[in-house]
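Here's the structure we're looking at; comments come further down.
The values are calculated or read from the model by the stated rules, or taken from the named source; none is laboratory data. Note that this is a predicted model, so its numbers are computed, not measured. Quick reminder, even Gly has a Cβ in these numbers, built from the backbone with ideal geometry, and neighbours come from all protein chains shown.
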Amino acid sequence: MLAASAFALPLTLTPPAHAYVRYCTDPHTWGRACFQPAGEIMYVYDDDADGHHVRGVAFDGSVPDNTPLYTCANTKGAGTVQECNFSFPEGHLIHFQARLHEGDFRLDESRWKSAYA
């Protein structure tokens, strides 16, 4: 039988690696896009078995002409997520949105969302 100890060890808690903050577009029935500033990662969710695919697009708002446009396409089908690792300078304001596509034809889009890289 073990006796209770009269002292406690210090406990240090660190958040799990998956606990990074993600900023997401308003969800649509067809999907959404999320941007994680830590690592400049975009996640594109396809939430509808409609035969279309979802793209996340982003641009660096700190660049005068707002180019280039970064694209992350999820063509894997409904219920999936596509992860894309971009490279934006730290502290730059990144604008992003989700778009529903049939091939290269844009069918719908979310409102733009912004977050600092």
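Points to keep in mind about this one:
- One residue from VAL54, VAL44 being closer than 15 Å to GLU109 by Cα, among the hydrophobic types (A, V, I, L, M, F, W, C) and in contact with a Cys (Cβ under 8 Å, 6 or more places away or on another chain): VAL44
- Test: residue in region 11-33 that is among the charged types (D, E, K, R), under 19 Å from PHE105 (Cα atoms), at pLDDT 95 or above and surrounded by fewer than 15 Cβ atoms within 10 Å (Cβ to Cβ): no
- Whichever residue in region 91-102 is at pLDDT 95 or above and not hydrophobic (A, V, I, L, M, F, W, C) and, among such residues, is surrounded by the most Cβ atoms within 10 Å (Cβ to Cβ): ARG99
- Checking the stated criteria, ARG111 turns out to be more than 17 Å from TYR43 (Cβ to Cβ), in contact with an Asp or Glu (Cβ under 7 Å, 6 or more places away or on another chain) and of a type in the set (D, E, K, R).
Every residue, every condition in (1) in contact with a Phe, Trp or Tyr (Cβ under 9 Å, 6 or more places away or on another chain); (2) free of Cβ contacts under 8 Å to residues at least 60 places away in the same chain; (3) in a strand (DSSP E or B); (4) loosely packed, with under 15 Cβ neighbours inside 10 Å, yes or no:
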position	(1), (2), (3), (4)
GLY51	no, yes, no, yes
PHE59	yes, yes, yes, no
ASN66	yes, yes, no, yes
CYS84	yes, yes, yes, no
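- Here region 68-78 is the region considered, the condition is being under 22 Å from ASP47 (Cβ atoms) and not basic (Lys, Arg), and the residue that is surrounded by the fewest Cβ atoms within 10 Å (Cβ to Cβ) is GLY77.
- Condition check for VAL57: over 15 Å from HIS28 (Cα atoms) and among the β-branched types (Val, Ile, Thr): yes
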